[in-house]
Amino acid sequence: MNNNVKMQKSSKIFVAGGTGLVGSAIIENLLNKGYTNIVANYHTRVPNNSKFNIKHSTLKTNSVRYEKLDLLDTVATEAFFKQEKPEFVFLAAAKVGGIIANNTYRADFIYENLQIQNNIIHQSYLNGVKKLMFLGSTCIYPKNCPQPMKEEYLLTSELEYTNEPYAIAKIAGIKMCESYNLQYGTNYISVMPTNLYGPNDNFDLEKSHVLPALIRKIHLGKALEDNNWDAIREDLNKLPIEGIDGSASEKEILYILDKYGIKSLNIKHSKLNISIEIWGSGKPRREFLWSHDMADACVFLMENRDFKDIISQQFTNTPITNNLSLSQSTITQPMADEKSCEALTQSPITNAPSGNALGVHQSLSNEVRNTHINIGTGVDISIKELAETIKEIVGFKGELYFNTEKPDGTMKKLTDPSKLHSLGWHHKVELHDGIRRMYEWYKGKTNE
Ligand code: NDP
């Protein structure tokens, strides 16, 4: 295995799932950092380079190329790797969906995710990929996980039933990366981002997550209270709701808005009094990360950290400072099991035929687990506070109505990002600023 794992600007980088929210944010980050040799796959969606916000005119969107590839197809994936020979891989392709899709298409979620990640991880190993990043999600943690969620809480109790097949596939991905690293000396890193939001998010009220749904509903509520039918029709033309677009009659539009909780109550001071219905009490707390921050964290880890840094840090519990190689950082601190730690950190990574490629002769005292990294802010906000923040940014004057007859879901879901912080990365965009930028993007004012 080649120990020279530093990503060069001309390195061949494969972004699997490059048309998705996560994959496209990673490509944009790579382009803005000057990477010139990116290949991404597409499957059903047609790629669109014009949506990238490239910050310097010298940087070119033609540094990224797309190939059509169904990652469920083992033979096609094998041919792709043989032909392209990527040096670095971001595995951001997955079958994803909300709670209803996860619960209904349980077989598809476990089969497709296992198949996609098996194909990519195994082909990466066979083709000598220098470093790979596997993207999972925080649904890997138990249903009643202590808060904030630390990496070590993985597999400590039962999962949430509705997305168990998806979570099991993601946990298998983490274990696959760890196992290939331990057996074959590969350099695969797993990251688990929290809820993301940002440009290109899904604003379809039938399917969208809470933050983009609230932005759109409150935006439509504001247009309605201002009697701004042009804005309402423009919005529906961009993204119809249940097939209702801007050409529908006022009656049809008011009906569909009401169905999705944008309700006209009565006239107050010559303005319509509008109420936005929000499911639940507003008390559940959630964490949100700007999608470009997430991409920045992924690229930072791929540029600067290796699997051995993560296990070294785990064994020493010492923050890793920038550009500190493992040998330099080695273990000046006291530790519980000095021998096993030395074995972990001083052995060269090779394709050792016997034993363990990292030099770990595994015993109960030196188990290597929970090497994945949470990517989050460590800050949460109640749904009520979130809705009020959006209301203020949009300038909506009407009411927010919390329908307590509807379910709340989990009361708190927050990551502990300490490990990420000690690896040297911290989020930059705070929620208020992110929502403001996302709303500008939504209104079509910026390319953000
Ligand atoms: P998207 O649905 O936006 O993107 C999924 C990508 O996977 C698309 O590019 C899609 O291609 C591709 N894909 C799916 N099936 C296939 C296939 N059979 N062959 C080839 N490509 C395929 O998802 P996200 O970007 O949101 O998620 C990506 C990863 O990030 C997932 O692992 C998810 O768990 C993780 N994540 C996402 C979070 C979020 O809030 N969005 C939060 C935490 C983690 P195409 O569009 O062309 O069909």
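Coordinate-derived values only; no laboratory data. Everything quoted here is computed from the prediction, not taken from an experiment. We place every Cβ from the backbone using ideal geometry, glycine too, and count neighbours over all the protein chains shown.
In region 97-193, which chymotrypsin sites (Phe, Trp or Tyr not before Pro) fall in coil by DSSP and have 13 or fewer other Cβ atoms within 10 Å?
Tyr161
For the residues Thr186, Thr162, Thr156, what sequence is obtained by ranking on other C-beta atoms within 10 Å, fewest first?
Ascending number of Cβ neighbours within 10 Å: Thr156, Thr162, Thr186.
Per residue and in cubic angstrom, what volume does the convex hull of the Cα atoms of region 83-207 have?
135 Å³
Take Cys145, Cys177 and order them by how many other Cβ atoms sit within 10 Å, fewest up front.
Going from least to most buried by this count: Cys145, Cys177.
Using every pair of alpha-carbon atoms in region 166-305, split the distances into 5 Å bins beginning at 0 and state the percent of pairs per bin, rounded to integers.
Percent of Cα pairs in each bin: 2, 8, 14, 15, 14, 11, 9, 7, 7, 6, 4, 2, 1, 0, 0.
Which pairs, out of Lys55/Lys412; Lys207/Lys412; Lys82/Lys207, put more than 26 Å between their alpha-carbon atoms?
Lys55/Lys412; Lys82/Lys207
Any chance you could check the Cα centroid distance between region 93-115 and region 171-243 for me, in angstrom?
16 Å
As a quick test, which of the pairs Lys33/Lys131; Lys6/Lys95; Lys170/Lys443 have an alpha carbon distance above 28 angstrom in this structure?
Checking Cα-Cα distances, Lys6/Lys95; Lys170/Lys443 exceed 28 Å.
What are the aspartates and glutamates whose alpha-carbon lies under 16 Å from the alpha-carbon of Lys384, with same-chain residues fewer than 8 places away excluded?
Of all the aspartates and glutamates, those that pass the test against Lys384 - Cα under 16 Å, at least 8 places apart if same chain - are Glu277, Glu287, Glu392, Glu399, Glu405, Asp408.
Show me, bin by bin at 10 Å from 0, the whole-percent P(r) of region 96-150 based on Cα pairs.
With 10 Å bins starting at 0, P(r) equals 18, 38, 32, 13, 0.
Computed over the Cα atoms of region 24-126, what is the convex hull's projected area averaged over all directions, in nm²?
The number I arrive at for region 24-126 is 7.4 nm².
Report Rg(Cα)/(2.2 N^0.38 Å) for region 125-187, keeping two decimals.
In units of the 2.2 N^0.38 Å rule of thumb, it is 1.27.
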